[in-house]
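Right, one structure below, let's go through it.
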Amino acid sequence: MSGFPTGDFLLALPLTALAVAVVLGITLLVALRVGKHAVVDVAWGLGFAVIALVAYLAATAFNEGDPGRRLLVLALTAIWGLRLATHIGLRSRGHGEDPRYEALLEKASGNRTAYAVRKIYLTQGVTMWFVSLPVQVAAFQPQGLGQGGFGFLVWVGIAVWVVGLFFETVGDLQLTRFRNDPASKGKVLDTGLWRYTRHPNYFGDACVWWGISLIAFSAWPGVLTVLSPVFMTFLLAKGTGKPTLERDMDQRRPGYTDYVRTTSGFFPAPPRTLTDS
């Protein structure tokens, strides 16, 4: 069995980086046209799908990698990315700038567009490219998906991905329905998946990337990309995800303090009672 095609893989890395630059460059033009940088959140999922597609096409052009493996990671990444982009696009339609970006751009001392490029687009682009490394490696891995069928770790990865997509999709649907109900104004969503974790969508997002990464880990040198899902999970649980979203939430929704005391912050768990917490 031939080894990993390191040379061809390294040649493909600038191509995926260029793809990220093109996606975010177009996104910046759209943002300036519509007057809000929140459109970059739509490009987040789309960017991952484009990276997976470019890696797939590059491996195919170089005639490297197992066709079944690279098609699998392309499909899983594209399904996740397109669903997320569609959801965020529909959610933000008709709304103005995201308060997160407004607060960030208020710190700009010079040109606001240049500041946005550095603090928003460049940061997201580098993160996107780094987190997607398991997808890029998997596209070039020559080892097939098991003799006579998928390998065990690949099946585990697919199962984790399915769990993640379920939590993310159902969590988003439940939250959308809650927000669209006028009777929910000022209240806290504590039913459905939100009864077991305060962020089922973020937990699902982490599972999706661990699932895709496990597929890459099933053959050398996929395990070397372990920091990619670790970093994604850190961002969601401790970085720009959960902490940012929960900031001042108790002031906007009076019941949120009790919700925090009874509900797991990230990993799903049975709800606690106030006396237990």
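For the stretch 167-212, name all the residues that are among the charged types (D, E, K, R), part of a helix (DSSP H, G or I) and over 19 Å from the mean Cα position of the chain (by Cα). Give the steps one after another, and end with the answer.
At the first step, the residues of the stretch 167-212 found to be among the charged types (D, E, K, R) are 168, 172, 177, 179, 181, 185, 187, 190, 195, 198, 205.
Imposing the further condition that a residue be part of a helix (DSSP H, G or I) reduces the set to 168, 172, 177, 179, 195, 205.
Scanning the stretch 167-212 gives ARG177, ARG179, ARG195.
Given the options ARG195, ARG179, name the one that is surrounded by fewer than 20 Cβ atoms within 10 Å (Cβ to Cβ) and either among the aliphatic types (A, V, I, L, M) or farther than 18 Å from ASP258 by Cβ (or both). I'd like the intermediate steps shown before the answer.
Numbers: ARG195 fails: either among the aliphatic types (A, V, I, L, M) or farther than 18 Å from ASP258 by Cβ (or both).
Answer to the selection: ARG179.
Among the candidates GLY255, GLY239, GLY164, GLY171, single out the residue that is over 27 Å from ILE120 (Cα atoms) and not basic (Lys, Arg).
GLY255
Quick one: count up the residues across the stretch 55-71 that are within 25 Å of GLY204 (Cβ to Cβ) and buried (at least 21 other Cβ atoms within 10 Å of the Cβ). Steps first, answer last, please.
First, the residues of the stretch 55-71 that are within 25 Å of GLY204 (Cβ to Cβ): 55-56, 69-71.
Retained after the next criterion (residues that are buried (at least 21 other Cβ atoms within 10 Å of the Cβ)): 55-56, 69-70.
Residues that pass the stated criteria total 4.
Filter the helices (runs of 4 or more DSSP H) completely within the stretch 82-163 down to those with at least 1 residues that are surrounded by fewer than 17 Cβ atoms within 10 Å (Cβ to Cβ).
On the way: elements: 99-105, 112-116, 123-131, 133-140.
Counting at least 1 such residues, we get 99-105, 112-116, 123-131.
Within the stretch 6-39, restricting attention to residues that are touching an Asp or Glu at 6+ places or on another chain (Cβ under 9 Å) and modelled with pLDDT under 95, which residue is surrounded by the fewest Cβ atoms within 10 Å (Cβ to Cβ)?
Ranking the qualifying residues of the stretch 6-39, first place goes to GLY35.
Checking the conditions here, which among VAL54, VAL50 is among the β-branched types (Val, Ile, Thr), out of contact with any Phe, Trp or Tyr (no Cβ under 9 Å at 6 or more places or on another chain) and in contact (Cβ under 8 Å) with a residue 40 or more places away in the chain?
Matching residue, one of VAL54, VAL50: VAL54.
The values are calculated or read from the model by the stated rules, or taken from the named source; none is laboratory data. None of the values given here were measured: they were computed from a predicted structure. So basically every Cβ, Gly included, is an ideal-geometry build from the backbone, and we count neighbours across all protein chains shown.
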